[in-house]
Amino acid sequence: MLDEDVIVQGEKIGKVTDVHIDAESWEVTHIEIQLTKEASKEILGAKMAIRNTLAVSALKEGDACCTEKGVEIKVSKGQLNIYLRPPK
């Protein structure tokens, strides 16, 4: 999953840079994404590329999230700001 492209509505918005795992349940909770400059501006209103964490609830279910294209997100670009948080 690391270094995979992140795709929303058929468009690349960044790359996976890290994966956050819950230490007790051993489940992936968030993926860290380096957003492209364009995606950062469109989604967050930022003027430069930004790294953010994305809640896995925004991903498509099961194997559908990880395709030959990359990691596919089920929510629209307009909804992404709900799921994105600055990395800790």
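The values are calculated or read from the model by the stated rules, or taken from the named source; none is laboratory data. Note that this is a predicted model, so its numbers are computed, not measured. All Cβ positions, even for glycine, are placed from backbone atoms using ideal geometry, and neighbour counts span all protein chains on display. When the accessible area is computed, the model is the full protein with side chains, heavy atoms only, and any ligands, DNA or RNA have been set aside. Shrake-Rupley method; radii C 1.70, N 1.55, O 1.52, S 1.80 Å.
Does segment 1-30 hold any residues that are touching a helix residue (DSSP H, G or I) at 6+ places or on another chain (Cβ under 7 Å) and among the hydrophobic types (A, V, I, L, M, F, W, C), and which are they?
Scanning segment 1-30 gives V8, I13, V28.
What is the number of the single condition among (1) under 21 Å from D3 (Cβ atoms); (2) open to solvent by 50 Å² or more (accessible area, probe 1.4 Å) that L80 does not meet?
Going through (1) under 21 Å from D3 (Cβ atoms); (2) open to solvent by 50 Å² or more (accessible area, probe 1.4 Å) one by one, L80 breaks only (2).
Taking only segment 19-64 into account, find how many residues are open to solvent by 60 Å² or more (accessible area, probe 1.4 Å), without any contact (Cβ under 8 Å) to a residue 24 or more places away in the chain and in a strand (DSSP E or B).
2
Consider L59 carefully, then state whether it is among the aliphatic types (A, V, I, L, M) and modelled with pLDDT under 85.
yes
May I ask you to list the residues in segment 31-51 that are farther than 15 Å from N81 by Cβ and touching a helix residue (DSSP H, G or I) at 6+ places or on another chain (Cβ under 9 Å)?
If the condition is that a residue be farther than 15 Å from N81 by Cβ and touching a helix residue (DSSP H, G or I) at 6+ places or on another chain (Cβ under 9 Å), then I31, K47, M48, A49 are the ones that fit.
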